[in-house]
Amino acid sequence: MTESEGLFKALSENAPDIVYALDMDGVFTYVNPAWERILGHKKEEVIGKHLVDYARKEDAKGYFRTFERIRDSEETIGDATVSLLNTDGDLCLFKASCSPNFNSEGKVMGVVGVLRDISQQRQLEVQLQQSQKMEAIGTLAGGITHDFNNILGAILGYTELAILDAKDESKIRQHLEKIQEAGHRARDLVSQILAFSRQTKPERFPVQIHSIVKEAIKMLRASLPTTIEIRQKIREDLGTVEADPTQIHQVLMNLCTNAAHAMQENGGVLEVGIQNAEFGDQDPGMEQFGILPGPYLKLTVSDTGIGMTPDVMKRIFDPYFTTKEKGHGTGLGLSVVHGIIKSNGGAITVESEPGQGAIFHVYLPRMEYPKEPAKTMAMSPYIGIPTGNERILFIDDEQALVDIGKQILEHLGYNVITRTSSIEALGLFKADPDGFDLVITDMTMPNMTGDKLAKAMMKIRPGIPIILCTGFSERITEKNAGEMGIKILAMKPLAMRDLAQAIRRVLGNED
């Protein structure tokens, strides 16, 4: 061995990057130890194999043409990106530098090159791009939320007024209640998008998830083809969980929608079940699940669809990974599901084989002794709504919302004066500061925002009860609203019950 050959071997054998040599046919004659460390193939297995043996079929022809160009044209390539398969069948990305391998007489003997692993770098770049996308989604959500909540407010408000006039058990009332239900879901979805983009903590309280599951299945049945049969194994005497009902609904809808997608061609059976589960300190699944020992509720969603390969199962919870065609999914669904379950101290597992369907198991910590009665999703919106007879000044720059607010408040028994201009409202208040028992004002208005209007009114009459309504605002929170003297910061759109209860909390003496 010459001195230069010894130096090359010492450098390549200890190099962090892959160093390789190919003969004139593209067959490996040398790889350094980095190959095995990064890709997993033993050196003895690689020598004698062709370079295309480690490439995807769709990449093989292109790689071989590049090899021939380097070999025949004596061209050097210094910054190419290539992907090779490791022993698990996963792709690893490399930055490649390749050049002809000359012997001592200057004759080309093949190709030599260096492969620098950039898989982690590329993954970080993708994560950064997706993080920027999510930031943009958050900004967009915040920008449209005010207008969208005003639209929802009009839909929900007029629907509630129509329900009040509709006869009990009539078809019209049933249809209106469906519109109302969809509107509430839209409202909750907007809140969920905002919470996701702002990474705020959701509001959790004891809930019985069987009612959420039944409602979700009812909604699904209307949208799924008749070739998909839905079966339920849902008991109502199970424990409660501390969770955000909207998030649980989102988890179930995502899992069921994915199951339905797996059966869209041939139909099948979608089964949803809930049961109790217990995990002890010594249970073998504890370490795998990453959860604490104790009682759990187990939600199971199974299908008889096309199933998944092991490679797909490894990635189903990765953000932006999807097997759906373009335009049929974002790849966010299961990653969001995973995040919701983990944030609730639970776990999610999946069992599947190609052609054998899939079974998802969701484990949520069960509350044996809840601190407060569990809430359900179903509650009559008009039973026991508190009323009053005080005089209220109601301000919103949207005429439709002013009309709805006036009608709802008058239905509850209040005397209502309305304005669509904060300047006019302030002038009216100045003229008769003691003429109102409560002020309800929107936050986002031209000329003078709701918080500034509230400050001006409280300066004229300290202690005047004020409810400030907002669909979205980065400027004001419950904390600083309270510090200003505002009694309640209410999120729009407000249902009649929410508005009625907020008013009585401020004014007291609930009727």
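The values are calculated or read from the model by the stated rules, or taken from the named source; none is laboratory data. From a predicted model like this one, the values you see are computed outputs, not experimental measurements. Backbone-built Cβ (ideal geometry, glycine too); neighbour counts: all protein chains shown.
Go through the range 212-234 and give me each residue that's surrounded by 11 or more Cβ atoms within 10 Å (Cβ to Cβ) and either at pLDDT below 75 or touching a helix residue (DSSP H, G or I) at 6+ places or on another chain (Cβ under 9 Å) (or both).
The answer is I212, V213, E215, A216, I217, M219, L220, L224, I228, I230, Q232, I234.
With R187, R173 as the choices, which residue is outside the structural domain of D396 (by TED's automatic domain parsing), in contact with a strand residue (DSSP E or B) (Cβ under 9 Å, 6 or more places away or on another chain) and at pLDDT 70 or above? Steps first, answer last, please.
On the way: R173 fails: in contact with a strand residue (DSSP E or B) (Cβ under 9 Å, 6 or more places away or on another chain).
When all the criteria are applied, what remains is R187.
Being farther than 30 Å from M367 by Cβ, touching a Gly at 6+ places or on another chain (Cβ under 7 Å) and modelled with pLDDT of 85 or more, is that true of even one residue in the range 309-328?
Within the range 309-328, not a single residue is farther than 30 Å from M367 by Cβ, touching a Gly at 6+ places or on another chain (Cβ under 7 Å) and modelled with pLDDT of 85 or more.
(1) part of a helix (DSSP H, G or I); (2) at pLDDT below 85: which one isn't true of G153, the others all being true?
Just one mismatch for G153, condition (2).
Working only within the range 409-433, note down all residues that are over 23 Å from D498 (Cα atoms) and of a type in the set (D, E, K, R).
Across the range 409-433, the qualifying residues are E424, K430, D432.
Which members of the range 338-359 meet the condition of being out of contact with any strand residue (DSSP E or B) (no Cβ under 9 Å at 6 or more places or on another chain) and either not polar (S, T, N, Q) or not assigned by TED's automatic domain parsing to the domain that holds A259 (or both)?
Result: G339, E353, P354, G355.
Kindly evaluate T246 against the criterion of being of a type in the set (S, T, Y), modelled with pLDDT under 85 and within 21 Å of M496 (Cα to Cα).
Judged against the criteria, T246 is a match.
From the list E58, E44, pick out the single residue that is surrounded by fewer than 14 Cβ atoms within 10 Å (Cβ to Cβ) and more than 23 Å from D311 (Cα to Cα).
Step by step, each of E58, E44 is checked, and only E44 is surrounded by fewer than 14 Cβ atoms within 10 Å (Cβ to Cβ) and more than 23 Å from D311 (Cα to Cα).
Inside the range 404-470, counting only strands (runs of 3 or more DSSP E) that do not spill past its ends, which hold 1 or more residues that are more than 20 Å from L489 (Cβ to Cβ) and in the same structural domain as I503 (by TED's automatic domain parsing)?
415-419
Among L489, L468, which is farther than 16 Å from D397 by Cα and either under 29 Å from the mean Cα position of the chain (by Cα) or crowded, with 21+ Cβ neighbours inside 10 Å (or both)?
L489
Restricting the range 70-100 to residues that are loosely packed, with under 14 Cβ neighbours inside 10 Å and more than 43 Å from the chain's Cα centre (by Cα), which is farthest from K42 (Cα to Cα)?
The extreme case among them is S73.
Among the strands (runs of 3 or more DSSP E) lying completely within the range 1-87, list those that include at least 1 residues that are under 29 Å from S104 (Cβ atoms), touching a Ser or Thr at 6+ places or on another chain (Cβ under 6 Å) and touching a residue at least 12 places away in the same chain (Cβ under 8 Å). First the steps, then the outcome.
On the way: elements: 18-22, 28-31, 77-85.
Filter on the range 1-87 gives 18-22, 77-85.
For A262, state whether it is modelled with pLDDT of 80 or more and not assigned by TED's automatic domain parsing to the domain that holds G357.
When the stated conditions are applied, A262 does not pass them.
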